[in-house]
Amino acid sequence: MTQLKDDLQARWWTLEAKLVERFGKKPDLETILFLVGIQELGQPDTKFTKEQKQDLMHIAVCTVLAPSGYYELEGKDNEGWPHFRQLKSMPTLNAFEQENFLKDHILLYFENNDFLHQSDPGIGR
């Protein structure tokens, strides 16, 4: 288990380093989720309300957990916001395990979108 945890941490640090290159500062987990939400919404130049920022983070969580069968995209509303349906319950985890579960899925999202393999990542443009 320690090997898995160490690998996750090393991969997470690589992602953080890429995001520092792109944005000039190290983002926290919430900021990374916010970025994923903006990427999925496809409206990067929009100013968002506090409620919309929370919605973007929800979009991000649903998006990163969808490949593992937790959510599926139902469609988009007339403003282009994606809506998801929960397919199965989240596993029962403590706060540390929840964070690592989410980090692992976020890393998979970035790997699947070739962000970690690009020299000039497109996210946040």
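For the chain, the relative contact order is 25 percent, taking Cα pairs closer than 8 Å that sit 6 or more residues apart in sequence and dividing their mean separation by the residue count. Around the amide H of Phe84, modelled in the peptide plane, lie the amide H atoms of Glu74, all under 5 Å away and 5 or more residues distant in sequence or on another chain. Sequentially through region 19-34, phi angles give Karplus couplings (6.51, -1.76, 1.60; θ = phi - 60°) of 5, 5, 4, 6, 10, x, 8, 7, x, 8, 4, 4, 5, 5, 4, 4 Hz, Gly and Pro residues having no value and appearing as x.
Shown in residue order for region 71-86 are the 3J(HN,Hα) couplings computed by the Karplus curve 6.51 cos²θ - 1.76 cosθ + 1.60 at θ = phi - 60°: 9, 9, 6, 8, x, 10, 7, 5, 9, x, 7, x, 10, 10, 10, 6 Hz (x for Gly and Pro). Distances between placed amide hydrogens fall under 5 Å for Tyr71 paired with Ala66, Leu87, all partners being 5 or more residues away or on another chain. In sequence order, region 36-44 has phi-based couplings of 4, x, 4, 4, 6, 6, x, 10, x Hz under the Karplus curve 6.51 cos²θ - 1.76 cosθ + 1.60, θ = phi - 60°, and Gly or Pro positions carry x.
Holding the Cα-Cα limit at 24 Å, pick out from Lys26/Lys53; Lys47/Lys76; Lys18/Lys50; Lys25/Lys50; Lys47/Lys88 the pairs that are longer than that. Long pairs (Cα-Cα over 24 Å): Lys18/Lys50; Lys47/Lys88. For the pair Lys25 and Asn94 in one chain, pulling the backbone fully straight at 0.36 nm per residue adds 22.0 nm over the alpha carbon distance. In a fully extended conformation the segment linking Lys76 and Glu16 would gain 18.6 nm over its present Cα-Cα distance, using 0.36 nm per residue.
No lab work stands behind these numbers, since they all come straight from the coordinates. Since we're looking at a predicted model, the values are computed, not measured.
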